[in-house]
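The values are calculated or read from the model by the stated rules, or taken from the named source; none is laboratory data. Since we're looking at a predicted model, the values are computed, not measured. All accessible areas refer to the heavy atoms of the entire protein, side chains included, with ligands and DNA or RNA removed. Shrake-Rupley method; radii C 1.70, N 1.55, O 1.52, S 1.80 Å.
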Amino acid sequence: MPRDDPKKNESSRAQARRLIEQTPKILAGLAALIGVAYLAGSIYTKTYFSEFGASWILEEVPAATYFSQSWVPLLLMLYFGYLVTTNLAAIGSQDDLTASFQFKFSVAVVQHGPWFLLALLLITPLLSTLGHVMSAIVLSIIGLVAMLLLLTSAFELVVARFTTTMSRLIDLSMAYVAFAMIAVGLYVVPAQLGLNWARLDRQPTSSLLTVYLRNDAEQEYRLLFSAGNRLYVFPARFDGVYPPVQATVVADVSFVPPQR
(Lines give C-alpha, C1' and ligand atoms only; values in the text may rest on other atoms or scores of the structure.)
Protein backbone atom coordinates (compact mmCIF):
# COMPACT_ATOMS: atom_id res chain seq x y z
CA MET A 1 0.00 0.00 0.00
CA PRO A 2 2.72 2.56 0.84
CA ARG A 3 4.19 2.03 -2.68
CA ASP A 4 0.95 3.24 -4.22
CA ASP A 5 0.93 6.53 -2.34
CA PRO A 6 3.69 8.24 -4.38
CA LYS A 7 1.93 7.24 -7.62
CA LYS A 8 -1.39 8.55 -6.35
CA ASN A 9 0.22 11.78 -5.18
CA GLU A 10 1.95 12.27 -8.52
CA SER A 11 -1.30 11.59 -10.38
CA SER A 12 -3.12 14.12 -8.18
CA ARG A 13 -0.43 16.72 -8.80
CA ALA A 14 -0.59 16.10 -12.55
CA GLN A 15 -4.37 16.54 -12.56
CA ALA A 16 -4.02 19.71 -10.51
CA ARG A 17 -1.46 21.09 -12.96
CA ARG A 18 -3.73 20.34 -15.91
CA LEU A 19 -6.64 22.00 -14.13
CA ILE A 20 -4.56 25.12 -13.45
CA GLU A 21 -3.42 25.21 -17.07
CA GLN A 22 -7.02 25.03 -18.31
CA THR A 23 -8.39 27.55 -15.80
CA PRO A 24 -7.81 30.63 -18.03
CA LYS A 25 -9.67 28.90 -20.87
CA ILE A 26 -12.54 27.96 -18.57
CA LEU A 27 -12.74 31.51 -17.25
CA ALA A 28 -12.68 32.87 -20.79
CA GLY A 29 -15.56 30.60 -21.71
CA LEU A 30 -17.41 31.67 -18.60
CA ALA A 31 -16.93 35.36 -19.40
CA ALA A 32 -18.15 34.78 -22.96
CA LEU A 33 -21.20 32.94 -21.64
CA ILE A 34 -22.07 35.82 -19.31
CA GLY A 35 -22.02 38.15 -22.31
CA VAL A 36 -24.19 35.73 -24.27
CA ALA A 37 -26.64 35.50 -21.36
CA TYR A 38 -27.00 39.28 -21.10
CA LEU A 39 -27.47 39.61 -24.86
CA ALA A 40 -30.13 36.89 -24.90
CA GLY A 41 -31.87 38.42 -21.90
CA SER A 42 -31.91 41.84 -23.56
CA ILE A 43 -33.43 40.48 -26.78
CA TYR A 44 -36.00 38.46 -24.82
CA THR A 45 -37.05 41.44 -22.69
CA LYS A 46 -37.36 43.86 -25.60
CA THR A 47 -39.40 41.39 -27.66
CA TYR A 48 -41.63 40.58 -24.68
CA PHE A 49 -42.51 44.22 -23.98
CA SER A 50 -42.94 44.97 -27.69
CA GLU A 51 -45.66 42.33 -27.90
CA PHE A 52 -47.54 44.29 -25.23
CA GLY A 53 -47.02 47.53 -27.13
CA ALA A 54 -45.05 48.71 -24.10
CA SER A 55 -41.49 49.19 -25.39
CA TRP A 56 -41.61 52.59 -23.68
CA ILE A 57 -41.06 50.81 -20.36
CA LEU A 58 -37.44 50.20 -21.36
CA GLU A 59 -36.95 53.97 -21.66
CA GLU A 60 -38.10 54.49 -18.07
CA VAL A 61 -36.28 51.56 -16.49
CA PRO A 62 -32.47 51.52 -16.09
CA ALA A 63 -30.76 49.01 -18.38
CA ALA A 64 -29.30 47.18 -15.37
CA THR A 65 -32.82 46.50 -14.12
CA TYR A 66 -34.12 44.71 -17.17
CA PHE A 67 -30.74 43.06 -17.82
CA SER A 68 -31.28 41.44 -14.42
CA GLN A 69 -34.23 39.63 -15.99
CA SER A 70 -31.82 37.73 -18.27
CA TRP A 71 -30.97 34.05 -18.10
CA VAL A 72 -27.61 34.44 -16.36
CA PRO A 73 -28.38 32.22 -13.32
CA LEU A 74 -29.80 29.37 -15.43
CA LEU A 75 -27.04 29.44 -18.02
CA LEU A 76 -24.28 29.63 -15.41
CA MET A 77 -25.78 26.73 -13.49
CA LEU A 78 -25.91 24.61 -16.64
CA TYR A 79 -22.41 25.70 -17.61
CA PHE A 80 -20.90 24.74 -14.25
CA GLY A 81 -22.75 21.43 -14.44
CA TYR A 82 -21.12 20.82 -17.79
CA LEU A 83 -17.66 21.69 -16.45
CA VAL A 84 -18.09 19.10 -13.71
CA THR A 85 -18.45 16.33 -16.29
CA THR A 86 -16.27 17.62 -19.13
CA ASN A 87 -12.71 16.47 -19.70
CA LEU A 88 -11.24 19.92 -20.37
CA ALA A 89 -9.06 19.56 -17.27
CA ALA A 90 -7.84 16.10 -18.35
CA ILE A 91 -7.22 16.75 -22.02
CA GLY A 92 -3.49 17.02 -21.72
CA SER A 93 -2.45 13.73 -23.31
CA GLN A 94 -3.21 11.72 -26.43
CA ASP A 95 -4.62 8.84 -24.39
CA ASP A 96 -7.00 11.12 -22.58
CA LEU A 97 -8.20 12.55 -25.88
CA THR A 98 -8.89 9.26 -27.60
CA ALA A 99 -10.36 7.41 -24.62
CA SER A 100 -12.60 10.12 -23.19
CA PHE A 101 -16.31 9.52 -23.71
CA GLN A 102 -17.02 13.19 -23.06
CA PHE A 103 -14.73 14.28 -25.88
CA LYS A 104 -16.20 11.76 -28.31
CA PHE A 105 -19.64 13.00 -27.33
CA SER A 106 -18.55 16.59 -27.97
CA VAL A 107 -17.28 15.62 -31.43
CA ALA A 108 -20.65 14.01 -32.22
CA VAL A 109 -22.52 17.08 -30.96
CA VAL A 110 -20.45 19.42 -33.13
CA GLN A 111 -20.91 17.20 -36.19
CA HIS A 112 -24.68 16.86 -35.95
CA GLY A 113 -25.80 19.61 -33.56
CA PRO A 114 -25.70 22.55 -36.02
CA TRP A 115 -28.21 20.87 -38.33
CA PHE A 116 -30.50 20.03 -35.42
CA LEU A 117 -30.31 23.64 -34.23
CA LEU A 118 -30.94 24.91 -37.77
CA ALA A 119 -34.11 22.80 -37.96
CA LEU A 120 -35.30 24.28 -34.64
CA LEU A 121 -34.58 27.82 -35.83
CA LEU A 122 -36.71 27.25 -38.93
CA ILE A 123 -39.59 25.36 -37.32
CA THR A 124 -40.05 27.58 -34.25
CA PRO A 125 -40.96 30.82 -36.12
CA LEU A 126 -43.21 28.80 -38.41
CA LEU A 127 -45.16 27.39 -35.45
CA SER A 128 -45.35 30.87 -33.92
CA THR A 129 -46.75 32.30 -37.17
CA LEU A 130 -49.36 29.55 -37.30
CA GLY A 131 -50.47 30.33 -33.75
CA HIS A 132 -49.04 27.24 -31.99
CA VAL A 133 -47.76 29.26 -29.05
CA MET A 134 -46.98 26.47 -26.55
CA SER A 135 -45.23 24.35 -29.18
CA ALA A 136 -43.10 27.34 -30.16
CA ILE A 137 -42.18 27.93 -26.50
CA VAL A 138 -41.18 24.29 -26.00
CA LEU A 139 -39.02 24.33 -29.14
CA SER A 140 -37.44 27.62 -28.05
CA ILE A 141 -36.43 26.10 -24.70
CA ILE A 142 -35.03 23.05 -26.48
CA GLY A 143 -33.15 25.43 -28.78
CA LEU A 144 -31.67 27.22 -25.76
CA VAL A 145 -30.37 23.96 -24.30
CA ALA A 146 -29.08 22.89 -27.74
CA MET A 147 -27.17 26.16 -28.13
CA LEU A 148 -25.53 25.79 -24.72
CA LEU A 149 -24.50 22.19 -25.40
CA LEU A 150 -23.25 23.10 -28.87
CA LEU A 151 -21.31 26.07 -27.55
CA THR A 152 -19.50 24.10 -24.86
CA SER A 153 -18.80 21.15 -27.21
CA ALA A 154 -17.38 23.42 -29.91
CA PHE A 155 -15.34 25.25 -27.28
CA GLU A 156 -13.90 21.93 -26.12
CA LEU A 157 -12.83 21.03 -29.65
CA VAL A 158 -11.13 24.39 -30.07
CA VAL A 159 -9.24 23.89 -26.79
CA ALA A 160 -8.20 20.38 -27.82
CA ARG A 161 -7.12 21.62 -31.27
CA PHE A 162 -4.62 24.07 -29.82
CA THR A 163 -3.48 22.26 -26.64
CA THR A 164 -2.94 18.61 -27.60
CA THR A 165 -0.45 16.65 -29.69
CA MET A 166 -3.28 15.40 -31.90
CA SER A 167 -4.18 18.85 -33.18
CA ARG A 168 -3.74 17.82 -36.82
CA LEU A 169 -6.43 15.16 -36.44
CA ILE A 170 -9.05 17.62 -35.18
CA ASP A 171 -11.07 19.34 -37.92
CA LEU A 172 -12.58 22.60 -36.75
CA SER A 173 -14.70 23.24 -39.85
CA MET A 174 -17.88 21.99 -38.17
CA ALA A 175 -17.00 23.96 -35.04
CA TYR A 176 -17.08 27.14 -37.15
CA VAL A 177 -20.47 26.09 -38.55
CA ALA A 178 -21.64 25.51 -34.96
CA PHE A 179 -20.55 29.02 -33.92
CA ALA A 180 -22.39 30.47 -36.94
CA MET A 181 -25.61 28.63 -36.02
CA ILE A 182 -25.26 29.79 -32.41
CA ALA A 183 -24.86 33.40 -33.56
CA VAL A 184 -28.15 33.14 -35.48
CA GLY A 185 -29.83 31.34 -32.59
CA LEU A 186 -28.82 34.09 -30.17
CA TYR A 187 -31.40 36.29 -31.83
CA VAL A 188 -34.05 33.82 -33.00
CA VAL A 189 -34.44 31.79 -29.79
CA PRO A 190 -34.82 34.62 -27.22
CA ALA A 191 -36.95 36.64 -29.65
CA GLN A 192 -39.34 33.75 -30.21
CA LEU A 193 -39.43 32.92 -26.51
CA GLY A 194 -40.21 36.53 -25.57
CA LEU A 195 -42.83 36.85 -28.32
CA ASN A 196 -44.74 33.70 -27.39
CA TRP A 197 -44.51 34.14 -23.60
CA ALA A 198 -46.03 37.59 -24.08
CA ARG A 199 -48.86 36.09 -26.13
CA LEU A 200 -49.61 33.69 -23.27
CA ASP A 201 -49.42 36.44 -20.66
CA ARG A 202 -51.83 38.68 -22.59
CA GLN A 203 -54.61 36.11 -22.34
CA PRO A 204 -57.34 36.44 -19.65
CA THR A 205 -56.15 33.15 -18.17
CA SER A 206 -52.63 34.52 -17.75
CA SER A 207 -50.59 33.34 -14.78
CA LEU A 208 -49.35 36.89 -14.11
CA LEU A 209 -50.14 38.23 -10.66
CA THR A 210 -53.63 39.76 -10.34
CA VAL A 211 -53.77 43.22 -8.75
CA TYR A 212 -56.43 45.90 -8.18
CA LEU A 213 -56.05 49.64 -8.54
CA ARG A 214 -57.53 51.59 -5.65
CA ASN A 215 -59.15 54.08 -8.05
CA ASP A 216 -60.62 51.28 -10.20
CA ALA A 217 -61.39 48.49 -7.76
CA GLU A 218 -63.95 46.79 -10.02
CA GLN A 219 -61.40 45.94 -12.70
CA GLU A 220 -58.83 43.16 -12.45
CA TYR A 221 -55.32 44.05 -13.59
CA ARG A 222 -52.24 41.96 -14.31
CA LEU A 223 -48.80 42.91 -13.05
CA LEU A 224 -46.54 43.07 -16.10
CA PHE A 225 -43.32 44.37 -14.55
CA SER A 226 -42.02 46.04 -11.42
CA ALA A 227 -39.00 48.25 -10.83
CA GLY A 228 -38.55 49.43 -7.26
CA ASN A 229 -41.71 51.23 -6.13
CA ARG A 230 -43.03 51.48 -9.68
CA LEU A 231 -45.44 48.90 -11.13
CA TYR A 232 -46.59 48.40 -14.71
CA VAL A 233 -50.05 46.87 -15.02
CA PHE A 234 -52.70 46.22 -17.67
CA PRO A 235 -56.39 45.18 -17.56
CA ALA A 236 -57.02 41.45 -17.47
CA ARG A 237 -59.63 41.93 -20.21
CA PHE A 238 -59.21 44.50 -22.94
CA ASP A 239 -60.22 45.29 -26.50
CA GLY A 240 -57.79 45.57 -29.37
CA VAL A 241 -54.45 43.97 -30.10
CA TYR A 242 -52.37 45.52 -27.33
CA PRO A 243 -53.46 46.00 -23.72
CA PRO A 244 -53.36 49.55 -22.30
CA VAL A 245 -50.30 49.21 -20.07
CA GLN A 246 -50.01 51.91 -17.42
CA ALA A 247 -47.54 52.81 -14.71
CA THR A 248 -48.52 53.13 -11.07
CA VAL A 249 -46.96 52.88 -7.63
CA VAL A 250 -47.26 50.26 -4.93
CA ALA A 251 -49.31 52.56 -2.68
CA ASP A 252 -52.06 52.74 -5.30
CA VAL A 253 -52.34 48.98 -5.74
CA SER A 254 -54.09 46.28 -3.74
CA PHE A 255 -53.23 42.62 -4.04
CA VAL A 256 -56.52 41.35 -2.61
CA PRO A 257 -60.03 41.69 -4.11
CA PRO A 258 -61.98 44.71 -2.80
CA GLN A 259 -64.68 44.16 -0.20
CA ARG A 260 -68.14 44.22 -1.80
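The listed residues 199, 237, 214 rank as 237, 214, 199 when sorted by accessible area, largest first, using a 1.4 Å probe. Largest to smallest in accessible area, the residues 218, 59, 51 fall in the order 59, 218, 51 (1.4 Å probe, all protein chains included). How many percent of Cα pairs in the stretch 210-254 exceed 16 Å? For the stretch 210-254, the fraction of Cα-Cα distances above 16 Å is 29 percent.
Per residue, the accessible area of the stretch 210-254 comes to 53 Å², computed with a 1.4 Å probe over protein heavy atoms only.
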